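Worksheet for the structure shown next.
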Amino acid sequence: MTSDHENRIEKLEIDLAHANHTIDELNQVVIDQGKQIYRLTRKVAEMTDQMEELLENATPGHQIEKPPHY
């Protein structure tokens, strides 16, 4: 019976080691995604600022007005 307990404990230790490895891999994925989200958020903010600046500096094009006899 001792051997049975030892086998079960060994299997649990192996499963725990695999689970810890998987957790570490997933943690790294989350860290990488966080960095990517941060970069993309900064890029969107920069592009938004550029678009607002372009809109402020844009000269209005030819505006269609009603002829004076209307």
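Here the 3J(HN,Hα) profile of segment 8-16, calculated from phi with Karplus coefficients 6.51, -1.76 and 1.60 at θ = phi - 60°, is 5, 5, 4, 5, 4, 5, 5, 4, 5 Hz, Gly and Pro shown as x.
Across all C-alpha atoms in the chain, the radius of gyration and Dmax reach 31.2, 106 Å.
Look at the dipole of the chain built from charges on Cβ: of S3, I31, A19, the Cα furthest out on the positive end belongs to I31.
Quick note: the coordinates plus some simple rules give every number you see, no bench work behind them. What you see is a predicted model, and the numbers here were worked out from it, not measured in a lab. Neighbour counts are summed over all protein chains in view; Cβ atoms, including those assigned to glycine, are modelled from backbone coordinates with ideal geometry.
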